[in-house]
Each structure stands twice: as structure tokens, then as C-alpha cells.
Amino acid sequence: MTALKLLSRTKLYWGLIAIFLIGVLGSPVSSKGNNIFLSYGNLLDVLRQVSTTGLIATGMTAVIITGGIDLSVGSLMAICSVVCAMLLTVSGVTPGVVLGVPTVAVVALCLGFIVTRFIFLNIEKSRAGADASRDARLDRARGLVTPAIVGVVLCCLSLWYLLPQVEPKFGVLGVLLVAPCVGLLFGALNGFIIVAGRLQPFIVTLAMMVTALGIARLTAGQNNAVLPVYTGSNATEDFELLRSMVFGVIPMPGLFFLGAILIYGAVLRFTPFGRYVYAIGGNEEAARLSGIAAGRVKIVTYAVSGLLAGIAAVLYVAQYRQGKPDAGAGLELDAIAAVVIGGTSLMGGRGSLTGTFCGVLIFGLLSNILQLHNINSNLQLVLKGMIIIGTVLVQERNAGDLLAYLRLPGAAHKETAAAKRPSQETRSLNLGGNKK
């Protein structure tokens, strides 16, 4: 492997290192002469601040790898934040309860059915052997009755756990169950409409973005632009755990983000589902003809994207002590930018969560550097936009293409030489003419 190829393959990490070095060398110093950027507290703040965007970018990565896009994640986070804040602070039957508790019941029923049937189907395939695995079929008991019973049991258990919390207000585990399920259901609905209606993901998720925003405002009420959450006052004191430091080392939101990256990254890299995601992004028709259930895989990716948006909403409420209908405004664009900076192609079929992790950190470190130097917020947006464009150019084009496009010295000479050099087809025709 040449040095140029090695540099090309590791350019994302070099970009992250370059941003970090810029932060270190250009950092202001404290009154004691310490480098503020390198301080442990500042780096932990960066991790805490990027965790919300990072969770959403994690789900967005798989969606984009399949060749899709999800513009609704910001609005899904907003509606989940409203539901979370309302469950924590208002007792009794509220719009948050009406929306959240039945959603959990539906999700539990569907997941119990799907997972049980999936397990039975894989057992049957292993018994049938490799040659007959595609033709494996389940009888009525294992294919319908038992999965339905498991789904109903899970549904009843979820209601048994949640309903007693309605009157005295919900706790931490309750909102960590309800809010992600709300996001998961809306995300799965996105995927179902895209697959069943054969519509463009851009249109469907754009419509869901507007719809979810409207539902969030209706849920919050006309007079509630913000739902404040004060732990120990109008909400349970245990909710403070979600913004605390774990063993005094890492913030809880960062732990959720790192856990999501590791788990989902392992799924995409080491499981058949991950291979299906890349195959669909590379060529969906070929993947379908090879026996991959492309529709189901795409629905799962959108469902997981909504699920992670729901988790991000709970962490947002814990960190900012509020839930509001416009909590995720513009967050989908930050997530897409982080994913693209991380090397995931918008055309699908290429990308990784390692790259997304680096992209999120690049975005976070850049924002931190600009804030430490008190750069105007509007100028920060301009600089971020320029960096996104430059990064995508580097990711999508190699050095030779860039030189040729810019007509830099050396590129023009190569292009002229290539134009003067006859093609293989032209040489063949000339040889044929000479023979005649």
C-alpha cells in the first residue's frame, strides 16, 4: 500500500487530529496558565454536548447507507421531549399519557410477535440445512399462535408497569421506556410508508417532520411553549441521574452515545442485518433478487433511527431541564452533516459508524473552538458550512480529480497528454484500416 493510498484511507482521522491540534495550539489560557481546551472539564463538556446529535447521527448512518434519508428525526425528538416532560411533571391522564402508554403497548405487542416468529424461523432454517433454508416454513402454532401470545403477554406486562405511574407521575425508567417507543413507532411508520407506498424517503420524512411538529404542539398545548422540568420539585429527583457523571469520569449522555455507537456498529459490521444494509445501499434491486427482504430491513433502519431520537429526547430533557415542541429544530441537518463528514456516501452503500463518531467529534470540537474564541454565532454557521463543503469534496474526490478540476499545474499537462493519446478503440480501428 502506497503512502498516498494510506493517507486517503485514513484522511478522516487526520482531519480529527488536525482539528484537535488547532484547538490545542489556539486555545486561550486560564488565569493559572492552563490550556482551557485541554482541560478535562472542557473535553467532557464537548462529549456531553455532542451526545444528542451523536445519537441521532448513529441512527441516521444506517438509513443513509441504505440510500435513504430521514428529515423527521428533529421533530421526533421534539415530540418525545414533550411526552417525557409531561409524564415527569404532570400527574393524571394527560395528552402525554394518551399518546405514550398506548404506543408502548403497541410496540410491545409487535416486538413480541416479530422477535418470537424470527427465533422460530431461524431454528427451522438451521434444522432444514443450508440447501433448504430459503424454503423453511412455520406451522400455525409457531408462526402465528405462539408469537401472538408472547406479544400479548409483553403488552400486558408493559401496561401493568406503566399504568400505576399515571397518577403519581412517571419515574426515570418509565420515561426511558415510553419516549423511545414513541420515536420507534413514528420511525417504523416512516419506513412502512416508504416501502409500501414506494415513495421517496425525502418526501415521506419531510411530511413526517411537519406532522410530528404539529402533534408535538398539540400535545404540549397552546399555552405551553416550554414544559419546565425541575428535579426534586415538579419531577422525581432520580431524573438527575441522567445528567450526572458516571463514577465521576464520563457524563451519562456520553455513555449513552458511546454505547449506541458500539452496539449498532457491531450489528452493522458482524451480523447479516448489517450486510443487508450495505447490499441494499449498493444495489437494492440486486439485493432483492438475491433473496434479501429489502423492505423489512429498511423499515428496521427507520425504526431504529426513531428509537435513538426518542432516547436523545430524554437526555435533552435531563440536560436542559425542559421539553418543548421545537427542541429538535435543525438537528436533523447537524446529524446529516456529521454523517457525511464521517465519510458515509449520500448515494448509499458506503459508510461506517466509526466514521460517524469521528464526524460528530469534528463537529463538536469545531463548535467548542469557536465558542472559546467568542466567535460570532452567525460567523460560526458560515465557517461550519464551508468546512462541511470542503470535507465532502475531500471525501468524494481523490487528489487527482481535484487537481484536474481546479486546472492546477501538472493536471492540465496530464489531461492534454491523455487527450492526445489515442484510445484503445481508436487504435483498433486504425489497425483494421491499415490491414485493408
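Results, tabulated for the structure shown:
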| read-out | value |
| --- | --- |
| The stretch 44-100 and the stretch 187-220: distance between their alpha carbon centers, rounded to Å | 14 Å |
| Virtual spin-label span in nm between LEU258 and PHE202, 7 Å along Cα→Cβ | 3.8 nm |
| Residue-level accessible surface for PHE256, protein heavy atoms, 1.4 Å, Å² | 60 Å² |
| Overall form of the stretch 248-314 per C-alpha gyration tensor (a/c, 1.5; a/b vs b/c) | prolate |
| ³J(HN,Hα) computed for each position of the stretch 64-76 - Karplus, 6.51 cos²θ - 1.76 cosθ + 1.60, integer Hz, glycine/proline x | 5, 4, 6, x, x, 7, 10, 8, 8, 4, x, 5, 5 |
| Computed FRET value (nearest 0.05) for VAL210 with LEU381, which takes r as the C-beta separation and R₀ as 25 Å | 0.60 |
| Theoretical FRET efficiency, 1/(1+(r/R0)^6), r = Cβ-Cβ of SER39 and ALA286, R0 51 Å, to 0.05 | 0.50 |
| Cα gyration tensor, the stretch 170-329 - rounded (a/c under 1.5), prolate or oblate | oblate |
| Potential lengthening between TRP160 and VAL93 on full extension [0.36 nm per residue; Cα-Cα distance subtracted] | 22.5 nm |
| Charge context of ARG217, other residues only, Cβ under 10 angstrom, K/R +1, D/E -1 | 0 |
| Residue-span extension gain [TYR230 to VAL115] - 0.36 nm each, minus C-alpha spacing | 37.6 nm |
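The values are calculated or read from the model by the stated rules, or taken from the named source; none is laboratory data. Note that this is a predicted model, so its numbers are computed, not measured. Here Cβ is always computed from backbone atoms with ideal geometry, including for glycine, and neighbour counts include all displayed protein chains. Note: areas computed on protein heavy atoms with side chains; ligands, DNA, RNA excluded. Shrake-Rupley method; radii C 1.70, N 1.55, O 1.52, S 1.80 Å.
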